[in-house]
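Notes follow once the structure below has been shown.
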Amino acid sequence: MPIPRLQQAAVVENPGVDFKVALREDVLVGEPGQDEILIKLNCTGICHSEVRAVLGWGVYNSIIGHEGVGTVAKSGPNVSPSLLGQRVGFKWLYNACTACSVCRRGFFQNCPQQLNTSRHVPGTLQQYAIADARFITRIPEGVPDEVAAPLLCAGLTMAGALAHLDHDLQPGDWLVISGSGGGLGHIGVQLAARVKKLHVIAVDSGDEKRALSLASGAEAFIDFKKEDVAKRVLELTEEGAHATIVVPGTKEAFQAAPSLVRNMGQIICVGLPRNDIEIPISATLCAARGLSIKGSSVGSEEHMSELLQLALDGVITPAVEVFEFSETPNLIRRIMNDDILGRAVVRIPHH
Ligand SMILES: [Zn+2]
Ligand SMILES: [Zn+2]
C-alpha cells in the first residue's frame, strides 16, 4: 500500500469548555526527518490526561493521543532500515535531550527539554504519525495491539510510580491506590499486588470499578462516594498505609492523601489536575509526621520492557474497551465524565 498524501485524523478544535473534536480526512501525512520514522497506526489508547488538552489547560497539539501502536511505514535519515515493518509503540515521551544531568542519570522522562507526543508534536489519533526512532518501543510478538496500547502510558506511569517506593516498601506492606478502577489505577493494582506483593487498598466509586479493582488483586475496596476513606484505611491497616499513589486529577484526591498514610508514609503524585490546584498539606504536619511527597511522570524504557514481558506472561492484563474511530468525539466526553472502566482504545482505520 503506497503512503497517501492526506489522511484521516481526529482534530481538537477550539480547546476550552466549548471544544469540539472533528473527524477530518484532509490532514497531511508527515515526512520523517533525521532520526524519525513514519508509523502507520493500528490503534491508540486514550489517556485521561487528554482532558487537559481539550479543555485548554495548557498548550497542546490539536491531534491528541499518546498510546499508539502501529508498524513502521517509512524511515528518515540516520534510522536503521531494520525498523521498517516492525510493530512499535509511540509514547508520551517523544524525545529527550539525552545530554542534561537528568538524562545522564537515565531519567529521560524527567528531562527539562523533553518533547511530548500530543503536546509539542501531533499525537496518535491519526492514521500516520511521525515518531523519533530513538524513543519508540518495540512491541513483542504475542502482545496484541490493544493490550500493548494502555501499557504505553497508563501502565508505564504506574510502573514508574511504584518504582519510587521500591526502597521503602517491603512485600506485605500497605498501599492505597486512589482511582483504582481507571486506566492507570487498575494496572497499578495489578503491578502492586501481583508483582510487588503489596497489600493494596483500592479507592474508587461504583460496583464496576469495585469488581475490576478486586479482580486486579486489591485486598479491599473503598467507595469514596459512600464511605469515610481515611477511617476505613485506618481500620484495615491499624496505623495507616505505608504509601499512597494519587491517580485522579482532582483536588479532593490530593487533599485526602496525608490522612491515608502512617507517619513516615510516602505520597506519590501521579494525577494531573488543573495547574492552579496545589497539594494542600500543613508544612508543620508534613515535618512532624516525616511524610514524603514525590511527583512521578511516566517511567523508563526499562520499565516499559518489563511491562510488556509481564503482559506476554499474562501477569498484567489490562481491562480494555475498544472503540471505532468514528466514536472518538463521544468517547472524549465519556472520558471527561469518568465514564470508562479500565482503558479506552480506539481502532485507527487503515483506509
Ligand atoms: Zn497519558
Ligand atoms: Zn535532558
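Neighbour counts of other Cβ atoms within 10 Å put 187, 63, 136 in the fewest-to-most order 63, 136, 187. Distance from the C-alpha centroid of segment 2-51 to that of segment 148-217: 30 Å, rounded to the whole angstrom.
For a straight C-alpha distance cut-off of 17 angstrom, the lysines reachable from residue 251 (same-chain residues fewer than eight places away being disregarded) are 225, 294. Treating r as the C-beta distance of residue 3 and residue 98 and R0 as 22 Å, the FRET efficiency rounds to 0.15. In summary, the lysines within cross-link reach of residue 74, defined as a Cα separation below 22 angstrom excluding same-chain residues under 8 places away, comprise 40, 91. In terms of other Cβ atoms within 10 Å, 286, 47, 111 run from fewest to most in the order 286, 111, 47.
A simple spin-label model places the labels of residue 235 and residue 285 2.2 nm from each other, with each point 7 Å out along Cα-to-Cβ.
For the pair residue 17 and residue 313 in one chain, pulling the backbone fully straight at 0.36 nm per residue adds 102.3 nm over the alpha carbon distance.
With bins 10 Å wide beginning at 0, the percent of Cα pairs of the chain falling in each bin runs 6, 26, 34, 24, 9, 2, 0.
Here the 3J(HN,Hα) profile of segment 323-330, calculated from phi with Karplus coefficients 6.51, -1.76 and 1.60 at θ = phi - 60°, is 10, 7, 4, 5, 8, 3, x, 5 Hz, Gly and Pro shown as x. Counting every other Cβ atom within 10 Å of each residue's Cβ, 90, 323, 108 order from fewest to most as 323, 108, 90.
No lab work stands behind these numbers, since they all come straight from the coordinates. Quantities reported herein were computed from a predicted structural model and do not represent experimental measurements. Backbone-built Cβ (ideal geometry, glycine too); neighbour counts: all protein chains shown.
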